[in-house]
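Engineer: Please find one structure pasted underneath; my questions will follow.
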Amino acid sequence: MTGLPLRLRLRRALLVALILGLWAPAKIVWELRIARAQNQLRYQGVTLTRQLRDQLGQGLSIGVLSGMGNVVADLVWLEVTIAWENQEWFRMGGLINLCTALQPRFITYWDMGAWQLAWNASVAATKDLSLPNPLRREKASRFWINQGLAIYKRGIENNPESWRLWADTGLLYEQRLGDYRTAAYYYGEAAKRPNCLTFYERFPAIMYGLAGDDWNSYEAWKALWERLTPAQRAEPRHEGDRIEKEIRHFEQKLSIPTEKRVFPN
């Protein structure tokens, strides 16, 4: 290079300076975009960690950092479906965790992922003849129920305003674990969230009744009655007639003093 004429050396230096001048701003913009994408991934402690990058591989990691995390998550979810069809439960569980880490605000990944494990994988375990005896099959089934429950609870941590996650966690406690008191708590929390379906407001009282807890069932029915306005009680969706019937039933069954009854007559 030292043998080049001064004129050519100057021209080359100017060309390098021009390239660097154009590249530097573009590089800064690119790095800022990557930083924003990483920040968007952070929610309640979820971030693009080294482990997550290793799971995704270089190509998909670049897609995430390029602001296409939702597309990458959709591609991973296709693999969840394939794993479900092949009954590859452990692989499916890992893929579900990957999807929820990529898109922690997308409720469907939490909801359907937990359902796949707590229902589909756990039921399949009860029929798995490769396990030597019913006790082992029951243990495997409970393992997958707990895996699904863990996903629901992490989903709630990331999306506490989602009535759906609260309600479906209640459903898991009710149908898969038979824990009606805990189900009552989650259904009650769901009913407090915006846009929750109206019938969930009655579920805590129903759950306490299934648990044989007459007193808490009565208190829940009474609290619901008192919370509703007279106009709401008349609306079919709130089933005011049923609430009144349940309160009268428990006031009689529990021998509530007349002066303390909602319906003394």
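Engineer: Under 28 Å from N97 (Cα atoms), open to solvent by 60 Å² or more (accessible area, probe 1.4 Å), in contact (Cβ under 8 Å) with a residue 24 or more places away in the chain and not small (G, A, S), is that true of R237? Lay out the reasoning, then the answer.
Structural biologist: On the way: under 28 Å from N97 (Cα atoms): no; open to solvent by 60 Å² or more (accessible area, probe 1.4 Å): yes; in contact (Cβ under 8 Å) with a residue 24 or more places away in the chain: yes; not small (G, A, S): yes.
So R237 does not fit the description; no.
Engineer: Report yes if N146 is within 16 Å of G113 (Cα to Cα) and touching a Lys or Arg at 6+ places or on another chain (Cβ under 9 Å), otherwise no.
Structural biologist: no
Engineer: Further question: With respect to the numbered conditions (1) aliphatic (A, V, I, L, M); (2) part of a loop (DSSP other than H, G, I, E, B); (3) open to solvent by 60 Å² or more (accessible area, probe 1.4 Å), which one is the sole condition not fulfilled by L131?
Structural biologist: Here L131 clears every test but (3).
Engineer: Within the set of pairs 6 or more residues apart or between chains, which connect a residue that is under 17 Å from W225 (Cα atoms) inside region 250-265 to a residue that is assigned to a loop (DSSP other than H, G, I, E, B) and of a type outside the set (A, V, I, L, M, F, W, C) with Cβ atoms less than 6 Å apart?
Structural biologist: If the second residue must be assigned to a loop (DSSP other than H, G, I, E, B) and of a type outside the set (A, V, I, L, M, F, W, C), the pairs left are E251/R261.
Engineer: Which of (1) touching a residue at least 24 places away in the same chain (Cβ under 8 Å); (2) over 26 Å from G93 (Cα atoms); (3) in a helix (DSSP H, G or I); (4) open to solvent by 50 Å² or more (accessible area, probe 1.4 Å) is the odd one out, the single condition N195 does not satisfy?
Structural biologist: (3)
Engineer: Which number in (1) part of a helix (DSSP H, G or I); (2) polar (S, T, N, Q); (3) open to solvent by 50 Å² or more (accessible area, probe 1.4 Å) marks the one condition that T169 misses?
Structural biologist: Going through (1) part of a helix (DSSP H, G or I); (2) polar (S, T, N, Q); (3) open to solvent by 50 Å² or more (accessible area, probe 1.4 Å) one by one, T169 breaks only (3).
Engineer: A further question on this structure: Checking A205 against (1) open to solvent by less than 30 Å² (accessible area, probe 1.4 Å); (2) touching a Lys or Arg at 6+ places or on another chain (Cβ under 6 Å), only one condition comes out false. Which one?
Structural biologist: (2)
Engineer: Considering only residues of region 103-128 that are free of Cβ contacts under 8 Å to residues at least 12 places away in the same chain and under 26 Å from W166 (Cβ atoms), which is least open to solvent (accessible area, probe 1.4 Å)?
Structural biologist: T108
Engineer: Could you list, in sequence order, all residues of region 208-227 that are open to solvent by less than 40 Å² (accessible area, probe 1.4 Å) and touching a Ser or Thr at 6+ places or on another chain (Cβ under 7 Å)?
Structural biologist: Scanning region 208-227 gives a single hit, G209.
Engineer: Hey, among the residues in region 208-265 that are hydroxyl-bearing (S, T, Y) and not in a helix (DSSP H, G or I), which one's farthest from G178 (Cα to Cα)?
Structural biologist: Going through region 208-265, the residues hydroxyl-bearing (S, T, Y) turn out to be 208, 217-218, 229, 255, 258.
Then drop every residue that is not not in a helix (DSSP H, G or I), which leaves 229, 255.
On the way: T229: 33, S255: 29 Å.
Top of the filtered list is T229.
The values are calculated or read from the model by the stated rules, or taken from the named source; none is laboratory data. From a predicted model like this one, the values you see are computed outputs, not experimental measurements. Virtual Cβ from ideal backbone geometry, glycine too; neighbours counted across all protein chains shown. The accessibility values were calculated without ligands, DNA or RNA, using every heavy atom of the protein model including side chains. Shrake-Rupley method; radii C 1.70, N 1.55, O 1.52, S 1.80 Å.
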